[in-house]
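A.B. asks: Here's a structure for you.
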Amino acid sequence: MSSPALAAELNLALCHACTAACDITEHPHTCPRCGAPLHVRKPNALARTWAYMIAALVFYIPANLLPVMNTSLFGSGADSTIMSGVIEFWGHGAWDIASIIFIASIAVPATKFVALTLLLVTVQRRSDWARKERAQLYRFVEVIGYWSMLDVIVVALVAALVKFQALGDIEPRPGILFFGLVVVFTMLSAMSFDPRMIWESRIDEERMDETSIP
């Protein structure tokens, strides 16, 4: 039983901007629908994904160690890191807010690091393990990526709303900048990864098997 034809064999390329299937028989450089550059594969996908993810890991350390906001009440102030904020909310009975911040600020970035590393290593090793599940994992990483910015939005809103001058005040601290960089670089890492690489080794092996049949 022959395997289905590849897009490259049909001279088709998917536009990454508008998802149009473009005919590249005459080697066009841009999508006829939206004008975006056409690529059969994302250029330097592995190198760019590794670079963005390593940069996110570097910023992830100060994002968790440095304070993200300073809360002052009646003249006395205290800095709070992401984890200390979660503990404080939990201790005051706001377990729902603490859970949301923990998931968005700690669990989601850690999950993305593990998932992207798994995808990168298996693609580089041309592994045939759980291809369908890895493709679904990549889609999951894309979906949850935007929720990582929730903690940044919370701090920005609280800092803007809680302005009681002499009574109390909340100000952002450098940690929130590093956390924002973590979110941006993890999103860029997920966007740079090309999920079609997950299937390439299987397709190549099937083509080799077909050509070896007398």
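The values are calculated or read from the model by the stated rules, or taken from the named source; none is laboratory data. Keep in mind it's a predicted model, so treat the numbers as computed, not measured. For neighbour counting, all protein chains shown are included, and Cβ atoms are generated from backbone atoms with ideal geometry for every residue, glycine included.
This table checks each residue for (1) modelled with pLDDT of 80 or more; (2) under 28 Å from Val184 (Cα atoms).
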| position | (1), (2) |
| --- | --- |
| Arg33 | yes, no |
| Leu46 | yes, yes |
| Trp95 | yes, yes |
| Ile101 | no, yes |
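A.B. asks: If you go through the stretch 104-135, how many residues are surrounded by 17 or more Cβ atoms within 10 Å (Cβ to Cβ), without any contact (Cβ under 8 Å) to a residue 40 or more places away in the chain and over 14 Å from the mean Cα position of the chain (by Cα)?
C.D. replies: So the count comes out to 0.
A.B. asks: I've got another one for you. Count, please, the residues in the stretch 136-161 that happen to be loosely packed, with under 15 Cβ neighbours inside 10 Å and modelled with pLDDT of 85 or more.
C.D. replies: The number of residues fulfilling the criteria is 3.
A.B. asks: Restricting the first residue to the stretch 186-198 and requiring it to be outside any helix (DSSP H, G or I), which pairs with a second residue that is buried (at least 20 other Cβ atoms within 10 Å of the Cβ) and polar (S, T, N, Q) meet a Cβ separation below 8 Å and a spacing of at least six or different chains?
C.D. replies: Phe193/Thr49
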